[in-house]
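Have a look at the structure below before the remarks.
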Amino acid sequence: MNFTLIGKHETDSRANRDAYVEAMQEMMAKDPKLCHIDCDLYGCINTAKLEKAFPKQTFNAGIAEQNAMGIAAGLTATGRTVFMHSFGCFASRRAYDQAFMSCAYAQLPVHVLGSDPGVCAAYNGGTHMPFEDMALYMAIPGAVVIDPTDYAMLYDLTKKLAASGKFSFTRMIRKGVTKVYDDGADFEIGKGVTLKEGKDVTIIASGIMVDEALKASETLSAEGISAKIVDMFTWKPIDEELIVASAKETGCIVTAENHQVKCGLGSAVAQVVAKNAPVPMEMIGVQDRFGQVGSQKFLQEEYGLTAANIVEAAKKAISRK
């Protein structure tokens, strides 16, 4: 892996969705077998650009997510590399049976994209706010499950997934993402990224919570607490080696996710910790609740997904050593 940490807590001027479109445009130009399937959402993630430039490689399945998943399976079975997109709630809950049976069970490496994960669905409200999408896909044997952090990571991982030959699910924030990494960053699926070293507590985060973890580390540092920060963008297969090493180094762990904690990143990390290096853990995430309407800022505060929540959890974890 090779990356430069920005860490200025600034919103990227670019729409995050364009990282996916940019990567796909570059790959489609070289590979006529690379395809994108959308569910009447060309405007939402700017994939109209793909349809215009590569009409024979871009398909609109309409508002029929289950059918779209079946089409993705069929195209993949003919030797094509296929990415299929819908809003995260539909790409997971609505089309899950087809993803499981038609794609994964059939050993077809379809790449599913679910946009507007968790509180990022904002004003679309509770019906469109998936807090369980990653849990569903982690339950599929052999699946690769990813929560990218920003534009640079989404761009890189889109290309890595296309070449992986693995069935996958990727969350995708459409716009308004904080820039954490500089462009040109290179990541490895299944390997976490250590952003800061620390000795008192390890904070393991993904997606929008990575920047919150970095903010939390600054607050903790000002109080004399040294926090190790890990971006665990791959939830499955999870980086067990890094988790175990971090647990032994710092003696306690805090996880932070834009997802239900009961079946998410916290649970995945806890399984590794319990088996290999038991230490106190605290989990920041949605606590067994449904979504609701509101701005992302309001929702992060409502569900306890802020740097201040991470700071509190870190202090609690340290006190339990």
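Annotations for the structure displayed:
- Here's how it looks for GLU257: its modeled amide H is under 5 Å from those of ILE284, GLY285, which are all 5 or more places away or on a different chain.
- From phi via Karplus (6.51, -1.76, 1.60), per-residue ³J(HN,Hα) for region 92-108 in Hz, x at Gly/Pro: 10, 4, 6, 10, 5, 4, 5, 5, 5, 7, 6, 9, 5, 4, 7, 6, 9
- The dipole here belongs to the chain: it is taken about the Cα centre, uses +1 on the Cβ of Lys and Arg and -1 on the Cβ of Asp and Glu, and is about 420 debye.
- Of LYS191/LYS248; LYS175/LYS315; LYS166/LYS248, pairs whose Cα-Cα distance is over 25 Å: LYS175/LYS315; LYS166/LYS248
- Projected-area average for region 172-321 over all orientations - Cα convex hull basis, square nanometres: 8.9
- Close amide H contacts of TRP235 (hydrogens built in the peptide plane, cut-off under 5 Å, sequence separation of 5 or more or a different chain): VAL145, ILE146, ASP147.
- Taking every alpha-carbon pair under 8 Å whose residues sit at least 6 apart, the chain reaches a relative contact order of 19 percent.
- Where the chain is the region considered: accessible area per residue in Å², 1.4 Å probe: 39
- Mean separation of Cα contacts under 8 Å, 6 or more apart, over the residue count of region 1-113: relative contact order %: 24
- Farthest towards the positive end of the charge dipole of the chain, among the residues MET283, PHE167, GLY190, is the Cα of PHE167, using unit charges on the Cβ of Lys, Arg, Asp and Glu.
- Dimensions of region 1-102 along the principal axes, based on C-alpha atoms and rounded to the nearest Å, stand at 43, 32, 30, largest first.
- For the chain, the share of accessible area belonging to carbon and sulfur comes to 51 percent (1.4 Å probe, ligands and nucleic acids excluded).
- For ASP40, ASP186, ASP18, the ranking by accessible surface with the largest value first comes to ASP40, ASP186, ASP18, using a 1.4 Å probe.
- Lys/Arg +1, Asp/Glu -1 at C-beta; the chain dipole; positive extreme among GLY125, GLY114, ALA216: GLY114
- In the calculated pair-distance distribution of region 118-225, the portion above 25 angstrom amounts to 30 percent of the Cα-Cα pairs.
- Label of the coordinate-derived value, Cα extents along the principal axes in Å, listed as (1) 58, 39, 38; (2) 71, 45, 42; (3) 57, 48, 43: (1)
- ³J(HN,Hα), Karplus 6.51/-1.76/1.60, whole Hz, each residue of region 297-304, x for Gly, Pro: 4, 4, 5, 4, 6, 4, 9, x
- For GLU22, the accessible surface of its heavy atoms amounts to roughly 70 Å² (probe 1.4 Å, protein chains only, rounded to the nearest 10).
- Summarising the amide proton neighbourhood of TYR181: residues at separation of 5 or more, or on other chains, whose placed amide H is nearer than 5 Å comprise ILE6, ALA152.
- Cα-centred dipole magnitude for region 48-139, charges only on beta-carbon of K, R (+1) and D, E (-1), debye, nearest 20: 340
- Among ARG94, ARG80, the sequence by solvent-accessible area, most first, with a 1.4 Å probe is ARG94, ARG80.
- Antiparallel content of DSSP bridges confined to the chain, in %, to 5: 20
- By accessible area with a 1.4 Å probe, ligands and nucleic acids excluded, highest first: order of TYR137, TYR42: TYR42, TYR137
- Across region 216-233, coupling constants 3J(HN,Hα) worked out from phi with the 6.51/-1.76/1.60 Karplus curve, θ = phi - 60°, read 4, 5, 5, 5, 5, 4, 5, 9, x, 9, 9, 10, 8, 10, 10, 8, 9, 5 Hz, and Gly and Pro carry x.
- Mean-position separation - Cα centroids, region 242-298 and region 67-140, in angstrom: 23
- A 1.4 Å probe, protein heavy atoms only, puts the accessible area of TYR155 near 60 Å².
The values are calculated or read from the model by the stated rules, or taken from the named source; none is laboratory data. These figures come from a predicted structure and were not determined experimentally. Methodologically, a virtual Cβ is constructed for each residue, glycine included, from the backbone with ideal geometry; neighbour enumeration extends over all protein chains shown. Quick note on the areas: whole protein, heavy atoms, side chains included, nothing else; ligands and nucleic acids left out. Shrake-Rupley method; radii C 1.70, N 1.55, O 1.52, S 1.80 Å.
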